[in-house]
Amino acid sequence: MEKPSDWEDRLARWQNELELFEQLDETPWVTLAKAEAETGVSRSALRSWYRNGEIESRLVDGPNGPQRLVRLDAVIERAAASPRIQRRAEREVSLEAQVTLLRHRVDQLELRLAALERK
């Protein structure tokens, strides 16, 4: 049985790996739960999208076993292409969540601009 400190160490290592993925790709890879929370897209829709090749995903070792990650910007772009999801998101996503999405989008654009300026 794992000690609480072992569990916390394992969880911290996993979070560090996620942060490393973000730094390497300049685009955050997030869990399905986080993608759902930030975009309002259901997990079943996310699963359908990555199974159909509509969004990229990767499977990484997580603290509780394999964890599916998706690119948040790809989810946002795919959701924007779906009128049904847009209507539902507009009804369900609070103003605060919309601001969070816009902030994230601005952050991504700033990262891309910085990358272009470095070239």
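All but one of (1) under 18 Å from Q15 (Cα atoms); (2) touching a residue at least 60 places away in the same chain (Cβ under 8 Å) hold for L32; state the number of the condition that does not hold.
Every listed condition holds for L32 apart from (2).
Consider P28 carefully, then state whether it is modelled with pLDDT under 90 and in contact with a helix residue (DSSP H, G or I) (Cβ under 6 Å, 6 or more places away or on another chain).
Answer is yes for this residue.
The values are calculated or read from the model by the stated rules, or taken from the named source; none is laboratory data. All values reported here derive from a predicted model rather than from experimental measurement. Glycine also receives a Cβ, built like all others from the backbone with ideal geometry; neighbour counts cover every protein chain displayed.
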